[in-house]
Amino acid sequence: MRVRVRVPATSANLGPGFDVLGVALKLYNELEVEYPYKGKKGKPNLIEISGEGKEFLPKDEKNIVWKAMKAVFNTRSKKKRNSHYKFGQFKIKMKNNIPIGSGMGSSAAAHLSGILAANEIIGRKLNKDEIISLGVGFEGHSDNIVSALLGGFCISVLNGGNIKYLKLKTPKLKAVVSSPDFQLPTEKSRKVLPKKVSLSQAVFNCERLSLLVSALQNGSFEMLSTAMEDKIHQPYRARFIPGMKKIFETAINAGAYGAALSGSGPSIIALCDNKSGAKIGRSIEKVWKKYKVKSKYFILDFDKEGAKIWR
Ligand code: HSE
C-alpha cells in the first residue's frame with residue numbers, strides 16, 4: 001500500500017487571535033508512505049527527506065512524522081492490536097516546502113501528515129475530532145492543526161479536554177509571508193510570554209479579535225491595520241524579531257491591510273489585495289536587510305481544502 005498526504009502551511013494568531021485563529025496557505029509539505037516496505041536488504045534510508053530540513057531533520061525513529069504515525073498505531077492498539085506496526089516496515093518520503101521553525105506550521109504539517117498516513121493504513125479508524133485531538137496533543141495548541149486539516153480560516157477553542165472549532169468563510173485576500181533565515185522554536189518564543197496579563201491588555205485583544213473576525217468575514221479589510229494589533233504576545237516576542245514594529249509599519253505603508261507575526265514567529269504575515277504582494281514583500285526584505293537579516297518572501301493564496309490524502 002502506498003499513501004500520499006499533502007498538508008498546507010498555516011499561519012496562526014493573525015495578531016490578536018493568540019492560540020485561536022489560523023489560516024491555511026497554498027504552500028505544502030508532501031508525505032509518501034509505503035507499507036509494507038520490502039526494499040533493500042538491511043533497509044537503509046527508511047526515511048528520505050527532500051527540501052526544507054533535509055540536512056538536519058532526523059531520519060530515524062526520532063523523526064516527528066514517524067512519532068505521529070506511532071501515536072496513531074498506539075491509540076488503536078487496545079482495540080485492534082495495531083501496535084505490531086514497526087518502524088522498519090515503512091518507507092517514508094517527505095518533500096518539505098514549508099520552512100522549519102519559521103512560524104508557518106511546519107511542525108503541525110509534519111505531525112498531521114504522519115497521523116493521516118497512519119490512519120489511512122489502519123483503515124481510517126480515527127475520525128476528524130480524534131485526528132485533531134492527537135495533533136493537539138503533540139502541538140499543545142489547536143490553531144495550526146485545525147486550519148491545516150480543514151483549510152481556510154479557522155477558529156478553535158480548547159474547552160477542557162474538548163476542542164471546539166469552526167471553519168469560517170475564507171477571505172478574498174493574499175498573504176505575504178516574509179521568512180527570515182533564522183529559526184525560532186515555538187517553545188522558546190512562548191517562554192518569554194507573561195503568566196498574567198492586565199485587564200486593559202485583555203480588553204485590547206478582545207476588541208481587536210472581534211473586529212478582525214468580523215472584518216475578515218464581511219470584507220471590511222480597511223479595519224485590519226487596527227484589527228491585527230496585539231498586546232498579549234507580540235510585544236514580548238519582539239526581542240527575537242529585529243525590527244518587528246518597523247516591519248509592520250513598512251508593510252502597511254507598502255499597501256498591506258494589516259500585518260502580524262506568523263504564529264510564534266519569526267516570519268511576518270501581511271494581508272493584502274492581489275496586486276500589492278511583491279511591493280510589500282520587497283519592502284519587508286529591505287527592513288530585514290537593515291538589521292542584517294536575510295529573508296525570503298512568499299506571496300500565497302489561502303488554501304481552502306486543507307490536508308488531502310491519496311492512495
Ligand atoms: N499560537 C502559537 C503561539 C503558535 O503563538 O505560540 C502556533 O501554534
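The values are calculated or read from the model by the stated rules, or taken from the named source; none is laboratory data. Bear in mind the structure is a predicted one, so any value in this text is a computation, not a measurement. We place every Cβ from the backbone using ideal geometry, glycine too, and count neighbours over all the protein chains shown. Accessible surface areas use protein heavy atoms only, side chains included; no ligands, DNA or RNA. Shrake-Rupley method; radii C 1.70, N 1.55, O 1.52, S 1.80 Å.
A compact table of results
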read-out: Model label zone, V293; criterion: amide N under 13 Å from point 7 Å along Cα-to-beta-carbon; scope the range 83-119; value: 102-103
read-out: Label point 7 Å beyond Cα of S200 along Cβ direction - residues of the range 224-239 with amide nitrogen under 18 Å; value: 229-236
read-out: Surface accessible to a 1.4 Å probe, per residue, for the residues of the range 108-166, Å²; value: 34 Å²
read-out: Accessible area of the chain belonging to carbon and sulfur atoms, whole % at 1.4 Å probe; value: 52 percent
read-out: Crossing angle, helix 244-253 versus the chain [Cα axis fit, 0-90 degrees, rounded to tens]; value: 70 degrees
read-out: Probe 1.4 Å, protein heavy atoms only - accessible area per residue of the range 194-301 in square angstrom; value: 51 Å²
read-out: In the range 1-102, the trypsin sites (Lys or Arg not before Pro) that fall in loop regions by DSSP, at most 14 other Cβ within 10 Å; value: K38, K40, K41, K54, K62, R81, K86
read-out: For peptides 126-138, 100-112, sequence by mean Cβ density within 10 Å, most packed first; value: 100-112, 126-138
read-out: P(r) histogram, all alpha-carbon pairs of the chain included - 10 Å bins from 0, percent; value: 6, 28, 34, 21, 9, 2, 0
read-out: FRET efficiency estimate (nearest 0.05) - Cβ-Cβ, S210 to H84, R0 45 angstrom; value: 0.35
read-out: Surface per residue (accessible, 1.4 Å probe) for the range 1-103, Å²; value: 47 Å²
read-out: Listed residues S142, S210, S179, most fluctuating in the chain (Gaussian network, C-alpha, under 10 Å); value: S210
read-out: Simple spin-label estimate for R190 and K125 in nanometres, 7 Å along Cα-Cβ; value: 2.9 nm
read-out: Pair L168, R282: separation of 7 Å Cα→Cβ label points (nm); value: 3.3 nm
read-out: Separation in nanometres of the label points that stand 7 Å from Cα toward Cβ, at R2 and E305; value: 1.8 nm
read-out: Given charges at beta-carbon only (K, R positive; D, E negative), |dipole| of the chain in Debye; value: 1100 debye
read-out: Contour excess over end-to-end distance, with Cα ends at K40 and D273 and 0.36 nm allotted per residue; value: 78.8 nm
read-out: Reference-scaled alpha-carbon Rg (2.2 N^0.38 Å with N residues) for the range 95-213; value: 1.19
